[in-house]
Amino acid sequence: MSRLLLRASPARRRLLLFSGAVGSKQAAAIAGASARETSGSPPAAAGDEGKKNVVIERHGTIMTIGINRPEARNAVNQETAAMLLQAFNSFEVDNSLTVAVLHGIGGNFCAGYDLKELAHNPTSIELEQDVTKGPGPMGPSRIKFSKPVIAAVSGYAVAGGLELSLLADLRVVEQCAIFGVFCRRFGVPLIDGGTVRLPRLIGLSRALDLILTGRPVGAQEAYELGLANRIVPNGQALQCAIELAKQISAFPQQCMRGDRNSAYYSVFDATSFTEAMQFEFDTGVQVILKESVPGAKKFSLGEGRGGKL
């Protein structure tokens with residue numbers, strides 16, 4: 001059956017992934033095949049029939065995923081959401097990849113869901129009410145990643161675009177960046193994790209300020225709120241995010257991923273301090289022989305002294 005699935009058209013594969021009609025192994029195979037088809041394809045001019053809404057590139061062990069609808073400020077329609085889901089599924093199952101970088105092509109990160117598609121064809125969106133059984137409207141927003149994701153933010157990251165930036169571990173933000181719950185003015189709810197991740201990231205009071213008012217937030221304020229991790233000159237977010245990804249990729253990966261996983265568990269899943277501490281210990285002890293002892297030997301030989309990476 002897997003061979004038949006891989007021979008299916010890209011549109012058919014997207015339908016199978018969205019419907020949940022295939023198992024996890026088959027879904028991974030479909031995602032991988034779709035990513036290979038999109039990988040390395042340069043963005044075409046707007047209006048070209050061959051233009052892909054999501055452009056995937058590989059830089060060593062780093063995957064960049066670019067939203068390529070600049071004519072719509074990279075607003076995500078149903079097709080783009082499916083392609084983003086495929087790309088991130090491919091990243092998650094590929095053991096040779098260490099970090100993903102999500103960015104927008106053409107000067108904006110993402111202006112949210114494409115409201116023109118919603119207005120003209122309101123029945124086109126099929127929403128899976130059980131969040132464990134299907135993707136969010138923006139695509140990958142319900143995935144719990146096992147590896148780091150970085151968002152390289154330029155221009156607008158608003159509404160669903162803000163939510164996509166929140167699924168990343170870190171946000172590298174250009175000086176021109178604007179965040180905001182701009183969907184507030186149109187009666188469009190946050191259903192891609194915005195009300196879940198934002199309060200945990202910047203605190204409930206600050207999150208409610210953004211959620212209730214829908215006001216724009218510039219790069220400097222985003223940094224002060226804890227929404228942005230780095231501010232870089234305009235036009236440099238993607239390159240700086242890739243450099244940051246390379247730094248993260250250079251560390252012993254099992255230890256780094258274990259600590260990352262423990263931090264997320266303590267914030268989202270643990271029911272008590274004791275449970276979080278137990279999870280941290282159980283996760284950490286698994287890497288001692290594999291990475292900690294070799295690391296200690298390197299330290300004893302003089303490597304990494306004085307905080308050198």
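The values are calculated or read from the model by the stated rules, or taken from the named source; none is laboratory data. Remember, predicted model here, so these are calculated numbers, not experimental data. Cβ atoms come from the backbone with ideal geometry, glycine included; neighbour counts cover every protein chain shown. Note: accessible area is taken over every heavy atom of the protein model, side chains too, but ligands, DNA and RNA are not part of it. Shrake-Rupley method; radii C 1.70, N 1.55, O 1.52, S 1.80 Å.
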Under 17 Å by backbone N from the virtual spin label 7 Å along Cα-to-Cβ at residue 290, the residues of the stretch 86-116 are 93-99
Subtracting the Cα-Cα distance of residue 271 and residue 121 from 0.36 nm times their residue separation yields 49.8 nm
Note: residue 300 to residue 71 extended length (0.36 nm per residue) minus current alpha-carbon separation gives 76.9 nm
Sorted by chain and then number, the residues having a modelled amide H within less than 5 Å of the amide H of residue 231, at least 5 places away or on another chain, are 173
Each label sits 7 Å from Cα toward the beta-carbon; between residue 264 and residue 279 the label points are separated, in nm, by 1.1
Shape call for the stretch 115-169, from the Cα gyration tensor axes a ≥ b ≥ c (a/c under 1.5 means rounded, otherwise prolate when a/b beats b/c, else oblate), comes out oblate
Using a 1.4 Å probe on heavy atoms of the protein chains only, the accessible area for residue 264 in Å², nearest 10, reads 80
Using a 1.4 Å probe on heavy atoms of the protein chains only, the accessible area for residue 158 in Å², nearest 10, reads 10
Quick tally, 1.4 Å probe accessible area for 164, 204, sorted with the most first, runs 204, 164
For the stretch 47-179, the dipole about the Cα centre with charges only on Cβ (Lys and Arg +1, Asp and Glu -1), to the nearest 20 debye, works out at 240
Measure of exposure for residue 197: accessible area at 1.4 Å probe, Å² rounded to 10, is 50
Per its Cα gyration tensor (rounded if a/c is under 1.5, else prolate when a/b beats b/c, else oblate), the stretch 93-211 is best filed as rounded
Taking a crude spin-label model, label points 7 Å out from Cα along the C-beta direction, the residue 213 to residue 201 distance in nm is 1.8
Descending accessible area (1.4 Å probe), largest on the left, turns 195, 271, 64 into 271, 195, 64
